[in-house]
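The values are calculated or read from the model by the stated rules, or taken from the named source; none is laboratory data. Note that the coordinates shown come from a computational prediction; the quantities given were computed from them, not determined experimentally. Using ideal geometry, Cβ is built from the backbone for each residue, glycine included, and neighbour counts are taken over all protein chains shown. In case anyone asks, the SASA skips ligands and DNA or RNA and just uses the protein heavy atoms, side chains included. Shrake-Rupley method; radii C 1.70, N 1.55, O 1.52, S 1.80 Å.
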Amino acid sequence: MAISFDKLQTRAPELVNLAKKAQFNLSKHDLEGHAAKVALCLDHSGSMRAAYASGQMQALAERVLALGTQLDDDGSIDVFFFGTEAWHAGELTLDDYRGGVDRLRAGRHLGLTDYAGAIRAVREHYGLTGPGATADVPVYVLFLTDGAPTSRTAATNELRDASGSPVFWKFLSIGDEDIPFLQKLDDLSGRVVDNADYQPVGDLTLVKDQALFDLLLVEYPEWLTEVRGRGILR
């Protein structure tokens, strides 16, 4: 399912080295040849202003897109934002990824931190709501934030409700301190399967590509084994 490096060299040469690093880490985790849809879900709250202005979110999106090229041959990732509300902003593709994060969020105001709305928006976009949702290909979601949600109860309920669907949630946090609530979500009881992992990264600019790809794949192979065993992933 991966896009060849030759094709990448033609369409998005700046991503070739990132894609090679992503491929190496996928192989390291026994995921070479694995297919998945990839989504990026970004905090759009007021405290994230500097992260967008500095280009950190654009740089992250490019790394996630590079990972996506090794998991899906359509050359795109879905992008979601969550502030006071959550929404699917569109796709970031090999042909338009440069400056894509700011383009996709243009005209939107920074707001609060609605985790629950973000989880719902992702599931609705892929048609994976309700009990018994199954798919042939899983959805891998990188969910980045710098703070706890507006409603902890709503976020907890949404993640627990999503645990029976073929969607894996990789929570990353940036900032000076870890987010204890995200660790609670990581350890949440009462789920069909453990569908999330939390990794605090602090300053994203200091995390090297190879290290980031390693963090992104923690617990994902184990989740795949479990959802396949339960018939959630066909």
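Return a whole-number percent for the relative contact order of the chain, with Cα pairs under 8 Å and 6 or more residues apart as the contact set.
This gives 20 percent for the chain.
Kirkwood hydrodynamic radius, computed over distinct alpha-carbon pairs, for the stretch 129-188: how many Å, to one decimal?
Hydrodynamic radius (Kirkwood, Cα pairs) of the stretch 129-188 is 12.7 Å.
How large are Rg and Dmax for the stretch 92-140 when only the alpha carbon atoms are used, in Å?
14.5, 38
So what is the relative contact order of the stretch 100-234, in percent, for Cα pairs below 8 Å that sit 6 or more residues apart?
Reported as a whole number, the value is 26 percent.
Run lengths n ≥ 4 of DSSP H only: what is the helix-derived mean residue ellipticity at 222 nm for the chain, with -39500 (n - 2.57) per run over all residues, to the nearest 500?
When only DSSP H runs of four or more count, the value is -11000 deg cm²/dmol.
How many percent of the accessible area of the stretch 85-177 is carbon or sulfur, using a 1.4 Å probe?
Ligands and nucleic acids excluded, carbon and sulfur give 45 percent.
Rg and Dmax of the stretch 37-110, using alpha carbons, in Å: what are they?
According to the Cα coordinates of the stretch 37-110, Rg and Dmax are 11.7, 35 Å.
Which values, in whole Å and largest first, are the semi-axes of the equivalent ellipsoid of the stretch 169-234 obtained as the square root of 5 times each eigenvalue of the Cα gyration tensor?
25, 16, 6
Calculate how many DSSP beta bridges within the chain are antiparallel, expressed in % of all such bridges and rounded to the nearest 5.
20
Subtract the Cα-Cα distance of Lys20 and Asp178 from 0.36 nm times their separation in residues, and report this length gain in nm to one decimal.
53.9 nm is the gain from fully extending Lys20 to Asp178.
Would you kindly state how much longer the chain becomes between Gln9 and Glu124 on full extension, computed as 0.36 nm times their sequence separation minus their alpha carbon distance, in nm to one decimal?
Computed gain between Gln9 and Glu124 is 38.0 nm.
List the GluC sites (Glu not before Pro) within the stretch 50-130 that fall in a DSSP loop (any state other than H, G, I, E or B) and whose Cβ has at most 14 other Cβ atoms within 10 Å.
Sparse-neighbourhood loop GluC sites (Glu not before Pro): Glu85.
What is the local net charge at Leu15, summed over the other residues whose Cβ is closer than 12 Å to its Cβ (Lys, Arg +1; Asp, Glu -1)?
So the surrounding residues net to +2.
Modelling each spin label as a point 7 Å along the Cα-to-Cβ direction, I'd like the Ser27/Arg191 distance in nm, to one decimal.
The modelled label-to-label distance comes out at 3.1 nm.
Could you report the chain's accessible area per residue, 1.4 Å probe, as an integer in Å²?
42
Output needed: percent of Cα pairs per 10 Å distance bin for the stretch 1-125, bins running from 0 to the one holding the longest distance.
14, 42, 31, 13, 0
Can you tell me the Rg and Dmax of the chain, counting just the alpha carbons, in angstroms?
Radius of gyration, then largest Cα-Cα span, for the chain: 16.4, 47 Å.
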